[in-house]
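So the structure is just underneath, and the comments pick up after that.
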Amino acid sequence: MEIRAMSDPELMPVPEPVRRIEVFTGSGRRRRWPEEVKARIVAESYCSESSVCAVARRHGLTPQQLFGWRRLARRGQLALAAEDAPLFAA
C-alpha cells in the first residue's frame, strides 16, 4: 500500500471553470416609491386573494419591504386612502 502526501498534484482538487458572470447595470440606487403607490400596494396586499409574497413579486418588491410598508400603515405612518383602507373585524 502506497501512502501519498496531500501535496501530490494528482490528489489536489481541480478548480472548476467559472459558469456564471453577473453584470450589474444602472446606477444601483434605491427606488423611490411615491406614498400613493405604496398605499395602493399595501391595500392590494390586504384585499387580494393572493399572498403578500405574490403581491410583492408582482410589483417587483421583496416581501420584507411590503411587510414593512404594512407595519407603517398599521402605525398610521403611511396614509391609506379611505377607499383603500383595509377593514378589520372588531
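The values are calculated or read from the model by the stated rules, or taken from the named source; none is laboratory data. The shown structure was predicted, so the numbers you read here are calculated from the model rather than taken from an experiment. Ideal geometry is used to build each Cβ from the backbone, glycine not excepted, and the neighbour counts take in all protein chains shown. The area values use the complete protein model at the heavy-atom level, side chains included, leaving out ligands, DNA and RNA. Shrake-Rupley method; radii C 1.70, N 1.55, O 1.52, S 1.80 Å.
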*asked:* Give all pairs with beta carbons closer than 7 Å in which a residue from the range 9-33 that is part of a loop (DSSP other than H, G, I, E, B) meets a residue that is modelled with pLDDT of 70 or more and open to solvent by 100 Å² or more (accessible area, probe 1.4 Å); count only pairs at least 6 apart in sequence or on separate chains.
replied: none
_Just the residues that are surrounded by 10 or more Cβ atoms within 10 Å (Cβ to Cβ), part of a loop (DSSP other than H, G, I, E, B) and modelled with pLDDT under 90, please, taken from the range 34-58._
SER48, SER50
_Condition first: of a type in the set (S, T, N, Q), within 19 Å of ARG30 (Cα to Cα) and not in a helix (DSSP H, G or I). Now tell me which residues in the range 59-79 satisfy that._
THR62
*Name every residue in the range 64-90 that is open to solvent by less than 40 Å² (accessible area, probe 1.4 Å) and at pLDDT 90 or above, in order of residue number.*
LEU66, GLY68, TRP69, ARG70, ALA73
